[in-house]
Amino acid sequence: MTIKNTIINYLRVVVLYILSWINAFKVKLGILKEKYGIIGFLQVDGLKLSRKFSSEESIAAVKEFDSFKPDDVIIGTYPKTGTHFAMGVVHSIYKEKGLVEPNSLMSHINGLEFELPTILRLLSGQTGGQGLLAYADKSKSPRIFITHLPWDFWPRRVMEKKVKVIFCMRNPKDTVCSYFAFAHKRASIRADTTWNTFFANFIEGNVVYGSYAHYMRTWYPYRNNENVLSLQFEDMREDLEGNVRRIAEFLGVDLTEEQIRKVTEANTFESKKKEVGRGHAVYRSGKSGGWRSQLTVEQNDVMNEWINTELDGMEDLKLKYGD
């Protein structure tokens with residue numbers, strides 16, 4: 001299974017490499033815009049995005065989406081702060097309780113803002129720009145919605161309907177390091193974008209999904225709402241079992257000790273990397289404190305100033321930096 005997944009992952013890399021050349025050609029022809037090194041640059045209400053993943057129509061569809069069910073859960077994360085980590089734990093909890101079938105993750109996942117690739121839109125006959133949300137009603141329950149959008153772009157009635165929300169956060173130093181590697185693997189930025197350039201763009205909020213500080217500020221006021229569970233990537237790594245218990249309790253799923261153990265073992269970072277195979281874009285090192293080997297002394301000083309200024313007033317979050 002691992003060998004098969006590894007081969008699939010390498011084929012994905014080849015496809016993404018080919019697509020990067022196609023996108024570069026589209027940029028030259030003016031079909032795709034490029035700015036800040038972002039391929040397919042798009043800006044909606046001030047938020048920087050990429051047409052490779054979203055469109056004006058798909059973002060508008062998110063704000064108006066209202067078809068929530070009682071057992072829905074939304075996982076909100078800025079890129080590279082724990083999306084797949086939390087998603088895997090939630091699905092494993094449901095699987096152990098018999099609420100979902102094994103290997104059925106994709107039947108329950110819905111990306112709020114994600115656009116269908118052009119070829120799939122043509123094959124499906126989708127003429128609107130509502131993206132994957134057009135198929136939300138066909139997804140099996142319990143549904144797991146994922147999004148990288150800041151709170152001010154979320155469906156307007158989430159809080160009114162008390163939809164369960166899981167927010168994940170991660171210290172910004174490790175986030176920017178992981179994001180740089182991920183953006184290159186996903187070919188969402190120019191291949192010649194250097195680390196120094198990407199770091200500067202991150203500090204200025206000129207990356208896909210914009211400023212991490214803005215993301216945090218829009219979410220912060222809702223952190224203690226009864227339908228919101230706030231998680232830290234670093235805590236998930238340090239005490240996965242304890243966080244499995246927290247998530248299960250939040251979802252209202254009663255698990256035995258044996259089931260908790262199984263969910264924990266299935267979602268260690270090492271287990272997930274082994275499961276998907278080598279070369280996968282999502283799972284890199286997953287370390288806390290890895291920024292120490294990538295940020296220069298000057299960049300660390302810049303980041304510290306950014307944290308003190310942009311995240312001022314959020315000290316109660318007690319972000320962990322692998323000290």
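The values are calculated or read from the model by the stated rules, or taken from the named source; none is laboratory data. Values in this document were obtained by computation on a predicted structure and should not be read as measured data. Cβ: placed from backbone, ideal geometry, glycine included. Neighbour counts: every protein chain shown. Protein only, heavy atoms only, side chains kept; ligands, DNA and RNA dropped before computing areas. Shrake-Rupley method; radii C 1.70, N 1.55, O 1.52, S 1.80 Å.
Quick notes on this one:
- Residue in region 187-196 that is aromatic (Phe, Trp, Tyr), open to solvent by less than 30 Å² (accessible area, probe 1.4 Å) and either over 25 Å from GLU115 (Cα atoms) or assigned to a loop (DSSP other than H, G, I, E, B) (or both) present: no
- In region 203-260, counting only helices (runs of 4 or more DSSP H) that sit wholly within it, the ones holding 3 or more residues that are of a type in the set (Asp, Glu) span 233-238.
- Residue in region 55-95 that is modelled with the lowest pLDDT, counting only those that are within 14 Å of the chain's Cα centre (by Cα) and of a type in the set (S, T, N, Q): THR83
- Within region 209-226, the residues that satisfy the criterion of being open to solvent by less than 10 Å² (accessible area, probe 1.4 Å) and of a type outside the set (Ser, Thr, Tyr) are GLY210, ALA213, MET216, TRP219.
- Figure legend. Inter-residue proximity from region 71-91: first residues within 16 Å of LEU251 (Cβ to Cβ) and of a type in the set (Gly, Ala, Ser), second residues open to solvent by less than 10 Å² (accessible area, probe 1.4 Å) and part of a helix (DSSP H, G or I), beta-carbon distance below 8 Å, spacing 6+ or different chains. Indicated pairs: GLY76/TRP219; ALA86/MET236; ALA86/ILE247.
- Candidate set: region 121-173, residues that are part of a helix (DSSP H, G or I) and of a type in the set (A, V, I, L, M); chosen: the one modelled with the highest pLDDT: ALA136
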